[in-house]
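What follows is a short report on a single structure.
The values are calculated or read from the model by the stated rules, or taken from the named source; none is laboratory data. Computed from a prediction, not measured in an experiment: that's the story for all the values here. A quick note on method: Cβ atoms are made from the backbone with ideal geometry, for glycine too, and the neighbour counts reach across all protein chains shown. These area figures cover heavy atoms from the full protein model, side chains too; ligands, DNA and RNA do not enter into them. Shrake-Rupley method; radii C 1.70, N 1.55, O 1.52, S 1.80 Å.
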Amino acid sequence: MRIPGLAGSPFEIATGGSYTRPPSDLLVQIKAGLPVAIFALEYASGRIAKLWPRYSKAIEHDGRSFRVMAALSAAEVSAACALLARTHPQGASRHGMLISLYEEFTDDSRALVGVTQLGEYFHTHFPGRAQFGRPILGKGYAAITRGDVVKSIPITAAKRFALRKKDRGNGLGEILAREALLVAGNYRWPPAGVVEVSRHMAARKFFDTCCGTSRDFLSRSGYVPVPLAKWLRHGILNHRIAVELTARPVPGYYYADVRSAKRPASIKRALEALEALE
(Lines give C-alpha, C1' and ligand atoms only; values in the text may rest on other atoms or scores of the structure.)
Protein backbone atom coordinates (compact mmCIF):
# COMPACT_ATOMS: atom_id res chain seq x y z
CA MET A 1 0.00 0.00 0.00
CA ARG A 2 1.36 3.40 -1.01
CA ILE A 3 0.10 6.54 0.71
CA PRO A 4 1.60 9.59 -1.04
CA GLY A 5 3.33 12.03 1.29
CA LEU A 6 3.27 9.73 4.30
CA ALA A 7 6.57 8.71 5.88
CA GLY A 8 7.27 5.00 5.67
CA SER A 9 5.27 4.48 2.47
CA PRO A 10 4.86 2.01 0.84
CA PHE A 11 3.51 -0.27 3.59
CA GLU A 12 3.46 -4.06 3.36
CA ILE A 13 -0.13 -5.17 3.87
CA ALA A 14 -1.45 -8.73 4.13
CA THR A 15 -4.51 -8.00 2.01
CA GLY A 16 -5.80 -11.53 1.62
CA GLY A 17 -6.80 -11.07 -2.01
CA SER A 18 -10.45 -10.47 -1.14
CA TYR A 19 -12.93 -10.12 -4.00
CA THR A 20 -15.11 -7.74 -2.00
CA ARG A 21 -15.10 -3.97 -2.37
CA PRO A 22 -12.20 -1.94 -0.95
CA PRO A 23 -12.63 0.29 2.11
CA SER A 24 -13.96 3.81 1.58
CA ASP A 25 -11.41 5.42 3.92
CA LEU A 26 -8.14 4.89 5.76
CA LEU A 27 -7.33 6.04 9.27
CA VAL A 28 -3.62 6.56 9.96
CA GLN A 29 -2.44 6.92 13.54
CA ILE A 30 0.61 9.18 13.89
CA LYS A 31 3.02 9.36 16.82
CA ALA A 32 6.03 11.69 16.90
CA GLY A 33 5.43 12.43 13.23
CA LEU A 34 5.55 8.78 12.16
CA PRO A 35 2.73 6.36 11.32
CA VAL A 36 2.21 3.66 13.95
CA ALA A 37 -0.97 2.00 12.63
CA ILE A 38 -3.22 2.00 9.57
CA PHE A 39 -6.90 1.10 9.72
CA ALA A 40 -9.34 0.49 6.87
CA LEU A 41 -12.88 1.65 7.44
CA GLU A 42 -16.26 2.18 5.88
CA TYR A 43 -18.37 4.89 7.48
CA ALA A 44 -21.67 3.70 6.01
CA SER A 45 -21.50 0.27 7.64
CA GLY A 46 -19.28 1.13 10.60
CA ARG A 47 -16.79 -1.58 9.65
CA ILE A 48 -13.16 -1.15 10.65
CA ALA A 49 -10.07 -3.39 10.46
CA LYS A 50 -6.42 -2.92 11.36
CA LEU A 51 -4.22 -3.53 8.31
CA TRP A 52 -0.76 -2.39 9.46
CA PRO A 53 1.37 -3.47 11.21
CA ARG A 54 0.46 -7.02 10.23
CA TYR A 55 -1.18 -9.28 12.78
CA SER A 56 1.30 -10.98 15.13
CA LYS A 57 0.73 -12.60 18.52
CA ALA A 58 2.84 -14.65 20.94
CA ILE A 59 1.17 -17.72 22.49
CA GLU A 60 2.35 -20.11 25.20
CA HIS A 61 0.87 -23.61 24.90
CA ASP A 62 1.76 -26.86 26.64
CA GLY A 63 5.17 -25.52 27.72
CA ARG A 64 6.06 -24.38 24.20
CA SER A 65 6.33 -20.90 22.67
CA PHE A 66 4.45 -20.08 19.49
CA ARG A 67 3.76 -17.04 17.34
CA VAL A 68 0.76 -16.53 15.07
CA MET A 69 1.33 -14.04 12.27
CA ALA A 70 -0.05 -13.05 8.89
CA ALA A 71 2.22 -14.32 6.12
CA LEU A 72 3.62 -11.26 4.39
CA SER A 73 6.92 -11.79 2.60
CA ALA A 74 7.29 -13.99 -0.46
CA ALA A 75 9.28 -16.48 1.63
CA GLU A 76 6.55 -16.67 4.31
CA VAL A 77 3.80 -17.14 1.73
CA SER A 78 5.79 -19.82 -0.10
CA ALA A 79 6.48 -21.70 3.14
CA ALA A 80 2.80 -21.58 4.11
CA CYS A 81 1.73 -22.82 0.67
CA ALA A 82 4.30 -25.62 0.82
CA LEU A 83 2.88 -26.82 4.15
CA LEU A 84 -0.65 -26.74 2.73
CA ALA A 85 0.49 -28.67 -0.33
CA ARG A 86 2.04 -31.39 1.85
CA THR A 87 -0.66 -31.76 4.47
CA HIS A 88 -4.07 -30.55 3.24
CA PRO A 89 -6.34 -32.78 1.10
CA GLN A 90 -7.10 -29.86 -1.23
CA GLY A 91 -3.48 -28.82 -1.56
CA ALA A 92 -2.35 -25.20 -1.65
CA SER A 93 -3.88 -22.02 -2.96
CA ARG A 94 -2.30 -18.57 -2.98
CA HIS A 95 -5.63 -16.73 -2.96
CA GLY A 96 -6.62 -15.53 0.46
CA MET A 97 -4.86 -14.39 3.60
CA LEU A 98 -2.48 -16.96 5.05
CA ILE A 99 -2.07 -17.10 8.83
CA SER A 100 1.06 -18.94 9.93
CA LEU A 101 1.72 -20.64 13.27
CA TYR A 102 5.40 -20.87 14.20
CA GLU A 103 7.09 -22.56 17.14
CA GLU A 104 9.79 -20.27 18.53
CA PHE A 105 12.94 -21.49 20.24
CA THR A 106 15.38 -19.95 22.73
CA ASP A 107 18.08 -19.53 20.06
CA ASP A 108 15.71 -17.17 18.15
CA SER A 109 15.04 -19.77 15.44
CA ARG A 110 11.53 -20.87 14.55
CA ALA A 111 9.70 -23.65 12.72
CA LEU A 112 6.46 -23.44 10.75
CA VAL A 113 3.90 -25.66 12.49
CA GLY A 114 0.54 -24.79 10.93
CA VAL A 115 -1.36 -22.59 8.49
CA THR A 116 -4.87 -21.21 8.12
CA GLN A 117 -6.14 -19.78 4.83
CA LEU A 118 -8.86 -17.12 4.93
CA GLY A 119 -10.87 -16.17 1.86
CA GLU A 120 -14.42 -16.25 0.52
CA TYR A 121 -16.69 -18.72 -1.22
CA PHE A 122 -18.45 -16.57 -3.81
CA HIS A 123 -19.34 -19.30 -6.30
CA THR A 124 -20.89 -21.80 -3.89
CA HIS A 125 -24.07 -21.35 -1.88
CA PHE A 126 -24.01 -23.59 1.18
CA PRO A 127 -27.48 -24.57 2.46
CA GLY A 128 -26.11 -24.19 5.99
CA ARG A 129 -25.82 -20.43 5.48
CA ALA A 130 -29.57 -20.14 6.02
CA GLN A 131 -28.92 -20.88 9.71
CA PHE A 132 -27.48 -17.40 10.18
CA GLY A 133 -28.34 -15.73 6.86
CA ARG A 134 -32.08 -15.54 7.45
CA PRO A 135 -31.82 -14.04 10.96
CA ILE A 136 -29.28 -11.44 9.76
CA LEU A 137 -30.81 -10.43 6.42
CA GLY A 138 -34.47 -11.29 7.06
CA LYS A 139 -36.69 -11.81 4.03
CA GLY A 140 -33.99 -10.35 1.80
CA TYR A 141 -31.86 -13.45 2.30
CA ALA A 142 -33.84 -15.49 -0.23
CA ALA A 143 -33.90 -12.68 -2.81
CA ILE A 144 -30.21 -11.80 -3.23
CA THR A 145 -27.44 -13.64 -5.05
CA ARG A 146 -24.94 -15.86 -3.27
CA GLY A 147 -22.19 -13.31 -3.91
CA ASP A 148 -24.27 -10.53 -2.37
CA VAL A 149 -24.94 -12.69 0.68
CA VAL A 150 -21.18 -12.93 1.22
CA LYS A 151 -20.74 -9.17 0.79
CA SER A 152 -23.77 -8.12 2.82
CA ILE A 153 -23.12 -10.07 6.02
CA PRO A 154 -20.07 -10.19 5.23
CA ILE A 155 -18.83 -13.79 5.31
CA THR A 156 -15.19 -14.87 5.51
CA ALA A 157 -14.32 -18.51 4.92
CA ALA A 158 -11.63 -20.35 6.84
CA LYS A 159 -10.91 -22.38 3.72
CA ARG A 160 -8.02 -24.51 4.95
CA PHE A 161 -6.50 -25.56 8.26
CA ALA A 162 -3.24 -27.51 8.20
CA LEU A 163 -0.76 -28.77 10.80
CA ARG A 164 2.43 -30.71 10.31
CA LYS A 165 1.78 -34.35 11.14
CA LYS A 166 3.72 -34.59 14.40
CA ASP A 167 1.79 -31.66 15.93
CA ARG A 168 -1.73 -32.90 15.34
CA GLY A 169 -3.98 -33.77 18.26
CA ASN A 170 -2.31 -31.58 20.87
CA GLY A 171 -4.55 -28.51 20.82
CA LEU A 172 -2.83 -26.50 18.09
CA GLY A 173 -5.83 -26.94 15.80
CA GLU A 174 -7.93 -25.02 18.32
CA ILE A 175 -5.34 -22.23 18.36
CA LEU A 176 -5.53 -21.92 14.57
CA ALA A 177 -9.34 -22.00 14.62
CA ARG A 178 -9.65 -19.31 17.31
CA GLU A 179 -7.04 -17.10 15.70
CA ALA A 180 -8.90 -17.38 12.39
CA LEU A 181 -11.94 -15.79 14.07
CA LEU A 182 -9.88 -12.97 15.57
CA VAL A 183 -8.02 -12.17 12.35
CA ALA A 184 -11.10 -12.45 10.12
CA GLY A 185 -13.09 -10.12 12.37
CA ASN A 186 -10.42 -7.49 12.98
CA TYR A 187 -7.27 -7.70 10.84
CA ARG A 188 -8.52 -8.38 7.33
CA TRP A 189 -10.67 -6.32 4.97
CA PRO A 190 -13.59 -6.54 5.04
CA PRO A 191 -13.86 -7.56 8.69
CA ALA A 192 -16.04 -10.64 8.97
CA GLY A 193 -19.50 -10.74 10.47
CA VAL A 194 -19.53 -14.53 10.15
CA VAL A 195 -16.74 -17.05 9.55
CA GLU A 196 -17.72 -20.24 7.73
CA VAL A 197 -15.95 -23.56 7.26
CA SER A 198 -16.75 -26.34 4.81
CA ARG A 199 -14.91 -29.64 5.16
CA HIS A 200 -15.62 -33.22 4.17
CA MET A 201 -15.59 -35.62 7.09
CA ALA A 202 -16.98 -38.97 8.16
CA ALA A 203 -20.78 -38.93 8.42
CA ARG A 204 -20.75 -40.55 11.86
CA LYS A 205 -18.23 -38.02 13.21
CA PHE A 206 -20.10 -35.00 11.86
CA PHE A 207 -23.46 -36.31 13.09
CA ASP A 208 -22.06 -36.81 16.58
CA THR A 209 -20.63 -33.28 16.48
CA CYS A 210 -24.03 -31.88 15.49
CA CYS A 211 -25.62 -33.82 18.36
CA GLY A 212 -23.06 -32.52 20.83
CA THR A 213 -22.03 -36.04 21.84
CA SER A 214 -18.58 -35.46 20.31
CA ARG A 215 -16.50 -32.34 19.79
CA ASP A 216 -13.77 -31.51 17.31
CA PHE A 217 -11.27 -28.66 17.05
CA LEU A 218 -13.86 -26.40 15.40
CA SER A 219 -16.74 -26.97 17.84
CA ARG A 220 -14.29 -26.52 20.73
CA SER A 221 -13.29 -23.15 19.25
CA GLY A 222 -16.70 -21.53 18.92
CA TYR A 223 -17.88 -22.80 15.52
CA VAL A 224 -21.42 -24.17 15.24
CA PRO A 225 -21.98 -27.31 13.12
CA VAL A 226 -25.09 -27.22 10.90
CA PRO A 227 -26.76 -30.64 10.37
CA LEU A 228 -27.51 -31.82 6.86
CA ALA A 229 -31.15 -31.24 5.89
CA LYS A 230 -31.71 -34.98 5.41
CA TRP A 231 -30.81 -35.53 9.06
CA LEU A 232 -33.60 -33.28 10.27
CA ARG A 233 -37.25 -34.00 11.02
CA HIS A 234 -39.44 -30.92 11.44
CA GLY A 235 -36.32 -28.86 11.93
CA ILE A 236 -34.99 -31.04 14.76
CA LEU A 237 -32.10 -33.48 14.53
CA ASN A 238 -33.51 -36.97 14.03
CA HIS A 239 -31.51 -39.29 16.30
CA ARG A 240 -33.10 -42.40 14.79
CA ILE A 241 -30.86 -42.21 11.74
CA ALA A 242 -27.73 -42.74 13.85
CA VAL A 243 -27.68 -46.47 13.14
CA GLU A 244 -27.55 -45.76 9.39
CA LEU A 245 -24.44 -43.59 9.55
CA THR A 246 -21.08 -44.87 8.36
CA ALA A 247 -17.58 -43.53 7.82
CA ARG A 248 -18.51 -42.28 4.34
CA PRO A 249 -17.55 -38.61 3.84
CA VAL A 250 -20.22 -35.92 3.93
CA PRO A 251 -19.92 -32.12 3.58
CA GLY A 252 -19.60 -30.74 7.08
CA TYR A 253 -20.53 -27.06 7.45
CA TYR A 254 -19.75 -24.83 10.43
CA TYR A 255 -20.11 -21.14 11.17
CA ALA A 256 -19.14 -18.68 13.88
CA ASP A 257 -20.98 -15.36 14.32
CA VAL A 258 -18.33 -12.83 15.38
CA ARG A 259 -20.39 -9.64 15.06
CA SER A 260 -20.65 -9.18 18.82
CA ALA A 261 -17.18 -10.49 19.66
CA LYS A 262 -14.95 -8.30 21.83
CA ARG A 263 -12.80 -5.98 19.70
CA PRO A 264 -9.05 -5.58 20.31
CA ALA A 265 -7.99 -2.52 22.32
CA SER A 266 -6.26 -0.87 19.34
CA ILE A 267 -9.46 -1.03 17.27
CA LYS A 268 -11.53 0.31 20.17
CA ARG A 269 -9.16 3.30 20.41
CA ALA A 270 -9.43 3.86 16.66
CA LEU A 271 -13.22 3.86 16.91
CA GLU A 272 -13.05 6.37 19.76
CA ALA A 273 -10.80 8.60 17.65
CA LEU A 274 -13.31 8.48 14.79
CA GLU A 275 -16.17 9.35 17.11
CA ALA A 276 -14.18 12.35 18.39
CA LEU A 277 -13.85 13.63 14.81
CA GLU A 278 -17.60 13.54 14.14
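What to note about this one:
- Residue satisfying all of: in region 67-96; closer than 25 Å to residue 186 by Cα and touching a helix residue (DSSP H, G or I) at 6+ places or on another chain (Cβ under 9 Å); surrounded by the fewest Cβ atoms within 10 Å (Cβ to Cβ) among these: 94
- Restricting 252, 185 to those that are open to solvent by less than 30 Å² (accessible area, probe 1.4 Å), touching a residue at least 60 places away in the same chain (Cβ under 8 Å) and not aliphatic (A, V, I, L, M) reduces the list to 185.
- The residues in region 154-175 that are of a type in the set (D, E, K, R) and either touching a helix residue (DSSP H, G or I) at 6+ places or on another chain (Cβ under 8 Å) or closer than 30 Å to residue 137 by Cβ (or both) can be counted, and the count is 5.
- Residue 207 passes every criterion in (1) under 18 Å from the mean Cα position of the chain (by Cα); (2) open to solvent by less than 10 Å² (accessible area, probe 1.4 Å); (3) of a type in the set (Phe, Trp, Tyr) apart from (1).
- Residue ID - nearest to residue 114 (Cα to Cα), chosen from residues in region 220-236 that are modelled with pLDDT of 90 or more and open to solvent by less than 20 Å² (accessible area, probe 1.4 Å): 221
- Residues of region 22-47 satisfying the condition of being surrounded by fewer than 17 Cβ atoms within 10 Å (Cβ to Cβ) and assigned to a strand (DSSP E or B): 25, 26, 28, 29, 30, 31, 34, 36
- Enumeration of residues in region 193-214 that are in a loop (DSSP other than H, G, I, E, B) and modelled with pLDDT under 95: 212, 213, 214
- Flag if residue 112 is open to solvent by 10 Å² or more (accessible area, probe 1.4 Å) and not in a helix (DSSP H, G or I): yes
- When residues of region 62-99 are limited to those that are part of a strand (DSSP E or B) and not charged (D, E, K, R), the one farthest from residue 179 (Cα to Cα): 65
- Subset of region 48-58 (residues that are buried (at least 17 other Cβ atoms within 10 Å of the Cβ) and in a strand (DSSP E or B)): 48, 49, 50, 51, 52
- In region 157-181, the residues that are surrounded by 20 or more Cβ atoms within 10 Å (Cβ to Cβ), within 11 Å of the chain's Cα centre (by Cα) and not aromatic (Phe, Trp, Tyr): 157, 158, 159, 160, 176, 177, 179, 180, 181
- Residue satisfying all of: in region 145-156; among the β-branched types (Val, Ile, Thr) and part of a loop (DSSP other than H, G, I, E, B); least open to solvent (accessible area, probe 1.4 Å) among these: 153
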